[in-house]
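Colleague: Dumping the structure here so I can ask a few things about it.
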Amino acid sequence: MSGATLTIPPLAEHVRVARVVAVAAARRIGLSSEQLDDVRLAVGEAVSRAVSRHIAGNLVQDISIDIIEVGSEFTVVVTDHAGVGLPETDDGVALALIRALAPRLQLDGSVLTLSWATAA
Amino acid sequence: MEIDVTTRQESGCTVVTVVGEVDVYTAPTLDEALSATLAEGNTCVVVDMTGVDFLDSTGLSVLVKALKRIREADGSLDVVVSVDRVAKVFRLTGLDKVIPLHAALADALDGDRADAPAANYDESITGGEA
């Protein structure tokens, strides 16, 4: 098992960094190029959503992005501090996109977990 | 990374050319350019995204906002997309049924603008209503 943790301030300009780091890690464990595209978009949407939730709630804490590689499984956990009950700011488009892109998704309050597996 | 958005007139339409990544940080730049174009009274608008290699839902929402204003003015909004992963975002959200997509700028300017929706409906997740 290996991985990395990235923490970013809740600012739109930092979302790209999370995308780049996640895709670099996904490439290293051998996800296909189509999967890399899905990781790029899904992680971008997940982190954008977290940033939007912090902005909506006037929260200044950092957002955590944990990248976990276990065997052939690649998991990204995005954790914000906005809790439950906050309405989706975009009518749920970001979550719908993430559901379409990540084979496994778990949303538990402030913790959004996305997973992919290598084909092999 | 910044995006580069330029606007010009061609074949009676306003062509808005976007280069770079359109995301939550850069989408406001595209929004400003489209809003300025619409404020000038242009109702035939082609957004050329040939040079866009990443697009997220905030970028899409900017296009949807422009589309609403253009429809109110009986105009047309067409989008040129040549990168697969960018076209996929339109398909996944069903927006390809609402905004005509073209593979090349010439097609968008020559063709039946805003008459026919683009193909590839199979991956829609929103049922087609935007």
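The values are calculated or read from the model by the stated rules, or taken from the named source; none is laboratory data. Model, not experiment: these values are computed from the prediction. Counting neighbours? That spans all protein chains shown, and the Cβs are built from the backbone with ideal geometry, glycine included.
Colleague: Of all residues in the range B:92-109, how many are crowded, with 18+ Cβ neighbours inside 10 Å, more than 13 Å from the chain's Cα centre (by Cα) and farther than 18 Å from B:LEU60 by Cα?
Modeller: Of the residues in that region, 1 qualify.
Colleague: Another question, if that's okay. On the basis of being farther than 17 Å from A:VAL20 by Cα and in contact with a strand residue (DSSP E or B) (Cβ under 8 Å, 6 or more places away or on another chain), does A:PRO103 make the cut?
Modeller: yes
Colleague: Look through the range B:29-75, keep the residues that are among the charged types (D, E, K, R) and under 23 Å from B:ALA106 (Cα atoms), and return whichever of them is surrounded by the most Cβ atoms within 10 Å (Cβ to Cβ).
Modeller: Looking at the filtered set, the residue picked out is B:ASP48.
Colleague: For the range A:6-34, enumerate the residues that are in contact with a helix residue (DSSP H, G or I) (Cβ under 7 Å, 6 or more places away or on another chain) and under 25 Å from B:ASP84 (Cα atoms).
Modeller: A:ALA12, A:VAL15, A:ALA18, A:ARG19, A:ALA22, A:VAL23, A:ALA26, A:ARG27, A:LEU31, listed by residue number.
Colleague: Let me ask something additional. Residues A:ARG49, A:ARG40: which one is without any contact (Cβ under 8 Å) to a residue 24 or more places away in the chain and touching a strand residue (DSSP E or B) at 6+ places or on another chain (Cβ under 9 Å)?
Modeller: Checking each option against the conditions leaves just A:ARG40.
Colleague: Just give me the residues in the range B:1-28 being surrounded by fewer than 17 Cβ atoms within 10 Å (Cβ to Cβ) and within 14 Å of another protein chain (Cβ to nearest Cβ), in sequence order.
Modeller: Scanning the range B:1-28 gives B:MET1, B:GLU2, B:PRO28.
Colleague: Cβ-Cβ distance below 8 Å, separation of 6 or more or different chains: which pairs start in the range B:89-100 with a residue that is on the phi < 0 side of the Ramachandran plot and end on one that is aromatic (Phe, Trp, Tyr) and not in a helix (DSSP H, G or I)?
Modeller: B:ARG91/B:TYR121; B:ASP96/B:TYR121; B:LYS97/B:TYR121
Colleague: Right, here's the next one. Take the conditions surrounded by fewer than 22 Cβ atoms within 10 Å (Cβ to Cβ) and under 19 Å from A:ALA24 (Cβ atoms) and apply them to A:ALA117. Does it pass?
Modeller: Taking the combined requirement at face value, the residue satisfies it.
Colleague: State the number of residues belonging to the range B:57-106 that are out of contact with any Leu (no Cβ under 9 Å at 6 or more places or on another chain), within 14 Å of chain A (Cβ to nearest Cβ) and either farther than 28 Å from A:ALA50 by Cα or of a type in the set (S, T, N, Q) (or both).
Modeller: 2
Colleague: A:ARG28 passes all but one of (1) surrounded by 15 or more Cβ atoms within 10 Å (Cβ to Cβ); (2) modelled with pLDDT under 95; which number fails?
Modeller: All conditions pass for A:ARG28, except number (1).
Colleague: A follow-up question, please. Would you confirm whether any residue within the range B:56-70 is more than 20 Å from A:VAL23 (Cβ to Cβ) and without any contact (Cβ under 8 Å) to a residue 24 or more places away in the chain?
Modeller: yes
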